[in-house]
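Just below is one structure, and these are the notes that go with it.
The values are calculated or read from the model by the stated rules, or taken from the named source; none is laboratory data. Note that the structure is a prediction, hence the values are computed from the model and not measured. Virtual Cβ from ideal backbone geometry, glycine too; neighbours counted across all protein chains shown.
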Amino acid sequence: MRTKCVIIRLMNDNETMMEELRCIGCGTIIQTEDKEALGYLPSGALKKKMENDEEMYCQRCFRLRHYNEIVPTSLTDEDFLKLLKKIGKQNALIVNVVDIFDFNGSLIPNLHKLTGNNDLLMVANKRDILPKSLKVNKLTNWLKEQASKSGLKPKDILVTSAKNRFDVTELMENIEKYRKGRNVYVVGVTNVGKSTLINAIIKQATASEENPGSQDVITTSRFPGTTLDMIEIPLDEQTAIIDTPGIIHRGQMAHYLKPEDLKYVSPRKEIKPKTYQLNSGQTLFFGGLARFDFIRGDKQGFTGYFDNEINVHRTKLEGATELYEKHAGELLAPALVGATMVRKEFKLEGKTDVVFSGLGWVRVPEAAVVAAWVPKGVDVVIRKALI
Ligand SMILES: Nc1nc2c(ncn2[C@@H]2O[C@H](COP(=O)(O)OP(=O)(O)OP(=O)(O)O)[C@@H](O)[C@H]2O)c(=O)[nH]1
Ligand SMILES: [Mg+2]
């Protein structure tokens with residue numbers, strides 16, 4: 001498996017060969033002219049890397065990898081979609097990665113349109129975030145039901161954690177089984193862990209006794225939109241596994257948060273569910289980012305599945321709006337101060353999750369009328385309870 005800088009040879013208009021250098025971290029074309037534009041690498045550094053036949057990273061990747069600092073890009077949603085439409089024209093295996101912690105937010109609308117009639121393998125990543133007590137069989141059945149409801153017909157559904165070596169080995173075996181000698185395109189919404197999974201595959205495939213844990217080849221980060229173009233990692237002489245830029249789903253909380261608050265939507269540890277016995281007329285605030293009102297129904301235990309560091313505040317429904325207006329960003333933190341909170345009411349039959357896209361969900365065990373509030377633009381959906 002060769003992972004050095006990607007050199008793509010293209011024929012230009014005059015039918016002469018020209019070489020295109022790409023950053024191995026994000027897939028963007030390397031250039032030495034414009035400091036502010038994507039793919040910038042100072043010419044001295046480029047020369048040195050070429051002489052030493054070293055992996056080549058653009059300045060944006062360098063900053064992300066070493067200082068965890070993001071440089072905003074000017075790519076639009078259409079740019080990303082255009083790239084992905086090319087995949088529909090290939091005969092390949094499509095691996096659709098979704099984030100189990102944000103399953104609804106990571107579904108791609110019209111995925112079949114983008115990928116043509118190609119075989120689809122669904123990979124539900126970030127298993128390590130959900131409670132260990134949740135059995136993989138139960139989870140897989142739930143995923144199958146949800147995928148089918150969304151019009152997806154994957155050949156198979158795998159549950160993985162990019163951090164778990166055994167999951168990665170199983171993923172590699174399944175990819176080999178389903179790809180039947182074809183290229184593999186790894187697609188999905190931003191931040192689901194596509195690049196992290198491919199890095200884990202590279203590590204597994206290249207690990208040796210002398211080199212048990214090599215460094216991550218592809219740049220990954222908590223910031224949505226890390227990968228900017230296709231990145232080809234050869235699987236054999238003819239075929240490759242290809243990382244792709246994530247599709248931007250504007251309804252996800254991550255697109256509205258400040259960089260320092262992104263940790264709440266990308267938990268690193270297993271979440272510990274918390275149950276609250278509420279009477280009707282009570283409200284829960286999850287930081288200042290989500291609000292849950294219990295309007296009508298019998299007293300019951302509502303369970304919150306959120307990052308362990310999200311501060312939960314319980315209060316009376318009456319007066320909750322004033323409390324938010326006074327204390328958003330202080331008592332109720334983190335918050336998007338100044339954002340309009342939008343209310344959605346639901347009449348539920350029981351065993352339902354009220355999902356705040358990307359941030360987490362509240363499990364409602366019995367019949368109840370509830371309202372969910374989120375900053376304007378963020379999606380709220382209800383679904384059959386996962387747990
Ligand atoms: N807890 C947990 N975090 C993960 C896992 N896989 C990836 N992550 C984290 O999720 C975030 C996004 O990972 P990336 O691999 O950059 O996601 P991506 O899908 O390539 O994102 P784009 O390039 O923006 O489309 C990073 O903070 C990763 O560390 C996992 O299995 N478990
Ligand atoms: Mg990526």
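In the range 318-372, which residue that is under 26 Å from K384 (Cβ atoms) and of a type in the set (D, E) is nearest to the chain's Cα centre (by Cα)?
Applying the filter and picking the extreme gives D353.
So which of N199, N174, N191 ends up being out of contact with any Ser or Thr (no Cβ under 6 Å at 6 or more places or on another chain), within 8 Å of ligand 1 (Cβ to nearest atom) and farther than 23 Å from I271 by Cβ? Write out each step before concluding.
Numbers: N174 fails: within 8 Å of ligand 1 (Cβ to nearest atom); N191 fails: farther than 23 Å from I271 by Cβ.
Answer to the check: N199.
So the check is Cβ under 7 Å with 6+ separation or different chains; which pairs have a first residue in the range 236-252 that's among the aliphatic types (A, V, I, L, M) and a second one that's within 12 Å of ligand 2 (Cβ to nearest atom) and at pLDDT below 90?
Short answer, once both residue conditions are applied: I247/F80; I248/F80.
If F166 satisfies every condition in (1) within 16 Å of ligand 1 (Cβ to nearest atom); (2) closer than 19 Å to L93 by Cα but one, which is the exception?
With (1) within 16 Å of ligand 1 (Cβ to nearest atom); (2) closer than 19 Å to L93 by Cα applied to F166, the lone miss is (2).
Out of the range 162-188, which residues are hydrophobic (A, V, I, L, M, F, W, C) and under 15 Å from the mean Cα position of the chain (by Cα)?
A162, V186, V187 - these are the residues of the range 162-188 that are hydrophobic (A, V, I, L, M, F, W, C) and under 15 Å from the mean Cα position of the chain (by Cα).
Which of the helices (runs of 4 or more DSSP H) found entirely inside the range 67-172 contain at least 2 residues meeting this: under 23 Å from I233 (Cβ atoms) and more than 16 Å from ligand 2 (Cβ to nearest atom)?
Values: elements: 77-85, 111-115, 136-149.
Because the criterion is at least 2 residues that are under 23 Å from I233 (Cβ atoms) and more than 16 Å from ligand 2 (Cβ to nearest atom), the helices (runs of 4 or more DSSP H) in the range 67-172 that meet it are 77-85, 111-115.
Within 16 Å of ligand 2 (Cβ to nearest atom), closer than 26 Å to R63 by Cα, in a loop (DSSP other than H, G, I, E, B) and under 21 Å from the mean Cα position of the chain (by Cα): is that true of N191 in this structure?
Criteria met by N191.
One line per residue, one yes/no per condition, for (1) buried (at least 20 other Cβ atoms within 10 Å of the Cβ); (2) away from ligand 2 (no atom under 16 Å from the Cβ); (3) in a strand (DSSP E or B):
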residue: I218; (1), (2), (3): yes, no, no
residue: D229; (1), (2), (3): yes, no, no
residue: E232; (1), (2), (3): no, no, yes
residue: I242; (1), (2), (3): yes, no, yes
residue: P245; (1), (2), (3): yes, no, no
residue: H255; (1), (2), (3): no, no, no
residue: Y264; (1), (2), (3): yes, yes, no
residue: T275; (1), (2), (3): no, yes, yes
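Among the candidates L81, L75, L111, L64, single out the residue that is among the aliphatic types (A, V, I, L, M) and away from ligand 1 (no atom under 14 Å from the Cβ). Don't jump to the end; show me each part of the working.
On the way: L81 fails: away from ligand 1 (no atom under 14 Å from the Cβ); L75 fails: away from ligand 1 (no atom under 14 Å from the Cβ); L64 fails: away from ligand 1 (no atom under 14 Å from the Cβ).
Criteria check complete, one pass: L111.
Taking only the range 299-333 into account, find how many residues are part of a loop (DSSP other than H, G, I, E, B), buried (at least 20 other Cβ atoms within 10 Å of the Cβ) and of a type outside the set (V, I, T).
Residues in the range 299-333 being part of a loop (DSSP other than H, G, I, E, B), buried (at least 20 other Cβ atoms within 10 Å of the Cβ) and of a type outside the set (V, I, T): 1 in total.
Quick one: F223 ticks every box in (1) surrounded by 21 or more Cβ atoms within 10 Å (Cβ to Cβ); (2) of a type outside the set (G, A, S); (3) within 12 Å of ligand 2 (Cβ to nearest atom) bar one, so which box is it?
It fails just one condition, (1).
What is the residue count in the range 173-188 for residues that are outside any helix (DSSP H, G or I) and either acidic (D, E) or away from ligand 2 (no atom under 16 Å from the Cβ) (or both)?
Total satisfying the criteria: 4.
Please verify whether the range 271-285 includes one or more residues that are at pLDDT below 95 and under 24 Å from the mean Cα position of the chain (by Cα). Reasoning before the result, please.
Step one: of the range 271-285, the residues at pLDDT below 95 are none.
There is no residue in the range 271-285 that is at pLDDT below 95 and under 24 Å from the mean Cα position of the chain (by Cα).
Sort out for me the strands (runs of 3 or more DSSP E) sitting completely within the range 340-387 that have 2 or more residues that are under 19 Å from I129 (Cα atoms).
Ranges flagged: 352-356, 360-364.
Restricting the range 36-66 to residues that are without any contact (Cβ under 8 Å) to a residue 24 or more places away in the chain and part of a loop (DSSP other than H, G, I, E, B), which is nearest to R222 (Cα to Cα)?
Going through the qualifying residues, I end up with G39.
Return yes or no: is N183 more than 8 Å from ligand 1 (Cβ to nearest atom) and either at pLDDT 95 or above or among the aliphatic types (A, V, I, L, M) (or both)?
Against the criterion (more than 8 Å from ligand 1 (Cβ to nearest atom) and either at pLDDT 95 or above or among the aliphatic types (A, V, I, L, M) (or both)), N183 qualifies.
Among the listed residues G105, G88, which satisfies the condition of being in contact with a helix residue (DSSP H, G or I) (Cβ under 6 Å, 6 or more places away or on another chain) and surrounded by 15 or more Cβ atoms within 10 Å (Cβ to Cβ)?
After ruling out the rest, the residue left standing is G88.
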